[in-house]
Amino acid sequence: LPSLGARTLFVDRVGSTWVGSVGLFQERGGGLLERYDLGNGFPGDVAWSIARDRDGALWVGTNRCLARMLAGRWECLPGSENRVVRSFAFAPQGGVFLGGAPSDLLYIDPAGHAVSLGGELHEPADHAILSLRFGPEGDLWVATKTGLYRLPNGVPGGLERVTVPGIPVDVKFNSLIVAEGR
């Protein structure tokens, strides 16, 4: 693996370890390490985030699109092309939210229609979305370089800035995690 730049780590249901870096790496067991990159059909240079959807398909946020492995090939989700997908979250109602750059929150519904949300994130560019997570209350939480936001009920609409007591409102939030129902 490259010594610098590991972006994400994911262990799937069969115990394979995936590492997002410059390319995507899969540890298959027995010392076998497989690398996916532009040369073998991976649609990006950098893998930022990894998850499986409710049907078990593997998805990867890349520096060029939100990609999934389908029948042994990588494909970009239509509507996500030419975007840096730092983070993504599957909506309970179907579809997917994704963020990165450009700095808007993008929702692609189950029919494939893309809607840009979060107009307040469009400028300046340093509002780039770094992490997305659904909370146990059903809200989508959005971590950016200049603050924390939430999308009530996780449905397309306006974002609300979140103020955390004792933390400056414009501080950088790198990641989000849901643990023990919080």
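Would you check which residues across segment 36-49 are in contact with a Leu (Cβ under 7 Å, 6 or more places away or on another chain) and of a type outside the set (D, E) and list them? Before the answer, list the steps.
Here is the first cut: in segment 36-49, the ones in contact with a Leu (Cβ under 7 Å, 6 or more places away or on another chain) are 36, 42, 45, 47.
Y36, F42, A47, listed by residue number.
Total residues in segment 26-66 satisfying the condition of being aliphatic (A, V, I, L, M), touching an Asp or Glu at 6+ places or on another chain (Cβ under 9 Å) and open to solvent by 40 Å² or more (accessible area, probe 1.4 Å): the figure is 2. Tell me whether segment 39-46 contains one or more residues that are among the charged types (D, E, K, R), in contact (Cβ under 8 Å) with a residue 12 or more places away in the chain, in a loop (DSSP other than H, G, I, E, B) and touching a Ser or Thr at 6+ places or on another chain (Cβ under 8 Å). Within segment 39-46, one or more residues are among the charged types (D, E, K, R), in contact (Cβ under 8 Å) with a residue 12 or more places away in the chain, in a loop (DSSP other than H, G, I, E, B) and touching a Ser or Thr at 6+ places or on another chain (Cβ under 8 Å). If the condition is being touching a residue at least 12 places away in the same chain (Cβ under 8 Å) and charged (D, E, K, R), then segment 5-33 contributes R7, D12, R13, R28. For segment 61-118, the set of residues classified as of a type in the set (D, E, K, R) and in contact with a Gly (Cβ under 8 Å, 6 or more places away or on another chain) consists of R64, R73, R83, R86, D104, D109, listed by residue number. I'd like to know if segment 64-83 contains one or more residues that are within 20 Å of L176 (Cβ to Cβ) and touching a residue at least 24 places away in the same chain (Cβ under 8 Å). Yes, segment 64-83 has at least one match. Selection of segment 162-182 for residues being over 19 Å from A101 (Cα atoms) and of a type in the set (D, E, K, R) yields E180, R182.
Among the residues making up segment 69-114, those that are of a type in the set (S, T, N, Q) and within 16 Å of the chain's Cα centre (by Cα) are S80, N82, S87, S103. Out of the residues in segment 173-182 that are closer than 22 Å to S49 by Cβ and surrounded by fewer than 14 Cβ atoms within 10 Å (Cβ to Cβ), state the one that is modelled with the lowest pLDDT. Only one residue fits best here, namely R182. Evaluate segment 147-169: report whether one residue or more is surrounded by 13 or more Cβ atoms within 10 Å (Cβ to Cβ), in contact (Cβ under 8 Å) with a residue 24 or more places away in the chain and hydroxyl-bearing (S, T, Y). Within segment 147-169, one or more residues are surrounded by 13 or more Cβ atoms within 10 Å (Cβ to Cβ), in contact (Cβ under 8 Å) with a residue 24 or more places away in the chain and hydroxyl-bearing (S, T, Y).
The values are calculated or read from the model by the stated rules, or taken from the named source; none is laboratory data. Predicted model only: the values in this text are computed from it and were never measured. All Cβ positions, even for glycine, are placed from backbone atoms using ideal geometry, and neighbour counts span all protein chains on display. What goes into the accessible areas is simple: the full protein's heavy atoms, side chains included, and nothing from ligands, DNA or RNA. Shrake-Rupley method; radii C 1.70, N 1.55, O 1.52, S 1.80 Å.
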